[in-house]
Every structure is written in structure tokens, then in C-alpha cells.
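Derivation of every value follows stated rules applied to the coordinates shown; laboratory data play no part. The shown structure was predicted, so the numbers you read here are calculated from the model rather than taken from an experiment. All Cβ positions, even for glycine, are placed from backbone atoms using ideal geometry, and neighbour counts span all protein chains on display.
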Amino acid sequence: MGSRAIAGQASVELIGVVPLALLIALAIGQLLAAGAARELAGNAAEAGATALLQGGDAASAAWAALPGWSRGHASVSVSGRRVAVRLRPLTVLPGLAARLEASASAYAGPVR
């Protein structure tokens, strides 16, 4: 086998590996986005519960704790002293956002 054939084989192998590497990178990126959404939802729920403890508006505090890009992908609900936040991460595939949706809730404790 000549060096030209070996170089051709290496090119074919590289072309086969590149899509797989891109798919793996995309999957890792989506998992990181889902983790970030979970963290942001938790922070927003805690901000809402803290506002309740201080006598403020829990929903407004939760919304304010979310970054601007996520506000169109989030929902905030307050029920009694519990604040719940649901957040869909940004995804490349539209149907994937619902499956990676993060939810978190925080409880402000009993009324004192």
C-alpha cells in the first residue's frame, strides 16, 4: 500500500469522525444548557421566597432574578408561601426544550 492510499484512507476516516464529534459536542452543550436552566430556576425561586420573607412581591423578585434571554422561556407561580419556577433551556432542536425543562421551588416557611 502506498503513501497515497494511506493518506486517502485517513481522509475518509476523518470525514467519518467529524460528524460524530460534532454530535457529541452538541449533546454536551445541550446538557450544559439544561444544567444552567436548572440553576437559574433554583436561584429565581429562592429570590422569590426571600422576597416573601421580606414582605415583597415574590413573582416580581423571581422574574427579576432571571436573565433577559430566559424570560420568554420561563413561568413563575406563587402559591401561598411557595414559589415555583419552570424554565426551558435554549436548544438547537425545538422539541428538545420540553424534555430538558427545569423546575424548582422554594418555600418561604411559616408565617411569623
| query | Looking only at Ala49, Ala62, Ala98, which one moves most when the chain is put into a Gaussian network model with springs between Cα atoms under 10 Å? | reply | Ala98
| query | Which value in deg cm²/dmol, rounded to the nearest 500, describes the helix-derived mean residue ellipticity at 222 nm for the chain, given -39,500 (n - 2.57) per DSSP H run of n ≥ 4 and division by the residue count? | reply | -19500 deg cm²/dmol
| Rounded to the nearest 0.05, what FRET efficiency is calculated for Arg112 and Ser60 with R0 set to 30 Å and r the Cβ-Cβ distance? | 0.85
| Roughly how many whole Å is it from the C-alpha centroid of segment 96-112 to that of segment 35-89? | 8 Å
